[in-house]
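Participant: My questions all concern the structure below.
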Amino acid sequence: MSSNAVVSMDKVSCHYRTGIVRKRNVEALAECSADFPESSVTAVVGANGSGKSTLMRLIANLERPFSGKIAHSHLRVPGDIAYLDQARPIFGYLSAIQNFEIARTLNPRWDSEWVGRVVKEFDIDLTRKVNQLSEGQRAVIALLVALGKRPKLSLLDEPAGALDPLVRQRVLRLILSEAAETGSTFIIATHDLSEIDSICDRMVMMLDGRARRPVAPRCFRASETRSARTTR
């Protein structure tokens, strides 16, 4: 494990059984190794089915690896970890303020002042039911429910997916601001490199359940450009 790594994965493998009689194994991760440094923003990039979501759920301790080891350094699991999956699990039939109240009750470190500032910035009506709000506002509420407890490690799976470009940039700036203000660690899974390279320190490319060596965003873009030119 790297000396400054918050999370370290060593040859982690994970598979699922699929099919009507669940006889076929599908390998989601195959001896995947990666370190995630403290106070960094890491983008985990890859196509659908490359293993990004499985990696996130394993780090969040929501799945168990078939083999290999995952080490969390100076983290209380799950108390110091926030995980937001693509489904954005918030209660649509409740108001925004009711969702925040539930999160506050469950999280002793809940930061009501910070949540209130963000709500004001995005002009969200806290009294309306969540399912009556815009897609962008629902995304912000889900993000606040995850980050309001001020976690040391935030795992965000496609946090800006399906949003229009303007709202997407505002949501990404919110993530970057939170990382800068708290010094916490972020791991963000995405299949869209263009939406995330402006806010991350490093990128880990997932391919067939394995993690390639992390690189800086500019190095990754240069590599992709060379590959595109080669294939022409």
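Participant: Return the single residue from ARG212, ARG173, ARG117 with maximal mean-square fluctuation; model: Gaussian network over the chain, springs between Cα atoms under 10 Å.
Facilitator: Of the options given, ARG117 has the highest mean-square fluctuation.
Participant: Now a separate question. Compute the Rg/Rh shape ratio of region 96-226: radius of gyration over Kirkwood radius, all on alpha-carbon atoms. It would help to have the intermediate numbers written out before the result.
Facilitator: Working: Rg = 16.1 Å, Rh = 16.0 Å.
Answer for region 96-226: 1.00.
Participant: Please state the shape class of region 7-126: rounded when a/c is under 1.5, otherwise prolate if a/b exceeds b/c and oblate if not, all from the C-alpha gyration tensor.
Facilitator: Prolate shape, in that a/c is at least 1.5 and a/b is the bigger ratio.
Participant: Do you know the relative contact order of region 67-205, to the nearest whole percent, from alpha carbon pairs under 8 angstrom that are 6+ apart?
Facilitator: 28 percent
Participant: Identify the trypsin sites (Lys or Arg not before Pro) of region 11-106 meeting these criteria: DSSP loop state and at most 16 other C-beta atoms within 10 Å of the C-beta.
Facilitator: ARG22, LYS23, ARG76
Participant: Now a separate question. Could you pull the accessible area for GLU31 with a 1.4 Å probe, rounded to 10 Å²?
Facilitator: Per-residue accessible area (GLU31): approximately 110 Å².
Participant: Highest GNM mean-square fluctuation, the chain, Cα pairs closer than 10 Å: which of THR185, THR105, THR54?
Facilitator: The residue that fluctuates most here is THR105.
Participant: Also: Given only helices, namely DSSP H runs of n ≥ 4 each adding -39500 (n - 2.57), what is the per-residue ellipticity at 222 nm of the chain, to the nearest 500 deg cm²/dmol?
Facilitator: Taken over the chain, the calculation gives -10000 deg cm²/dmol.
Participant: To continue, here is another question. Sequence-distant or interchain residues sharing an amide H contact under 5 Å with SER154, placed H: which?
Facilitator: Placed amide hydrogens put ALA82, THR185, PHE186, ILE187 under 5 Å from SER154.
Participant: Pairs of alpha-carbon atoms within less than 8 angstrom and 6+ residues apart define the contacts here; what relative contact order does the chain have, in percent?
Facilitator: Numbers: 408 pairs, mean separation 66.0, N = 232.
That works out to 28 percent.
Participant: Could you work out which residue, out of ALA60, ALA47, ALA82, moves most in a Gaussian network model of the chain, that is, has the largest mean-square fluctuation with Cα springs under 10 Å?
Facilitator: Of ALA60, ALA47, ALA82, the Gaussian network model singles out ALA47 as fluctuating most.
Participant: So, one more: How far is helix 112-121 tilted off the main Cα axis of the chain, in degrees rounded to 10, range 0 to 90?
Facilitator: 90 degrees
Participant: For region 79-88, take each phi angle, set θ = phi - 60°, evaluate the Karplus expression 6.51 cos²θ - 1.76 cosθ + 1.60, and give the result in whole Hz per residue in order, putting x for glycine and proline.
Facilitator: Per residue, the Karplus-derived 3J(HN,Hα) values read x, 8, 10, 10, 10, 10, 8, 5, 6, 6 Hz.
Participant: Another question, then. When the Kirkwood radius is taken over all Cα pairs of the chain, what Stokes-Einstein diffusion coefficient follows at 20 °C and 1.002 mPa s, in µm²/s? Let's see the in-between values first.
Facilitator: On the way: Rh = 18.6 Å.
Roughly 115 µm²/s, to the nearest whole number.
Participant: Sort ASP197, ASP80 by accessible area with a 1.4 Å probe, largest first.
Facilitator: Most to least solvent-accessible, the answer reads ASP197, ASP80.
Participant: Using amide H atoms built in the peptide plane, which far-off residues or other-chain residues are under 5 Å from VAL6 H to H?
Facilitator: Placed amide hydrogens put PHE36, GLU38 under 5 Å from VAL6.
Participant: Leaving ligands and nucleic acids out of the surface, order PHE91, PHE36 by accessible area at 1.4 Å, largest first. Intermediate values should be presented prior to the final figure.
Facilitator: Numbers: PHE91 85, PHE36 0 Å².
Putting PHE91, PHE36 in descending order of accessible area: PHE91, PHE36.
Participant: While we're here: Compute the helix-to-body angle for 217-231: its Cα long axis versus the longest principal axis of the chain, expressed 0 to 90° and rounded to tens.
Facilitator: Tilt relative to the chain: about 50 degrees.
Participant: When you have a sec, figure out the Kirkwood radius of region 67-143 from all distinct Cα pair distances and drop it here in Å to one decimal? Working shown, then result.
Facilitator: Values: mean 1/r = 0.0715 Å⁻¹.
Final number for the Kirkwood radius of region 67-143 is 14.0 Å.
Participant: Per residue of region 141-147, in order, report the coupling 6.51 cos²θ - 1.76 cosθ + 1.60 (Karplus, θ = phi - 60°) as ³J(HN,Hα) in whole Hz, putting x for Gly and Pro.
Facilitator: So the J values, rounded to whole Hz, are 4, 4, 5, 5, 4, 6, 8.
Participant: Just need the relative contact order of region 138-194 here, percent rounded to a whole number, with Cα pairs under 8 Å and 6+ apart. Mind dumping the intermediate values first?
Facilitator: Numbers: 41 pairs, mean separation 25.7, N = 57.
Relative contact order, region 138-194: 45 percent.
The values are calculated or read from the model by the stated rules, or taken from the named source; none is laboratory data. Everything quoted here is computed from the prediction, not taken from an experiment. All Cβ positions, even for glycine, are placed from backbone atoms using ideal geometry, and neighbour counts span all protein chains on display. Accessible surface areas use protein heavy atoms only, side chains included; no ligands, DNA or RNA. Shrake-Rupley method; radii C 1.70, N 1.55, O 1.52, S 1.80 Å.
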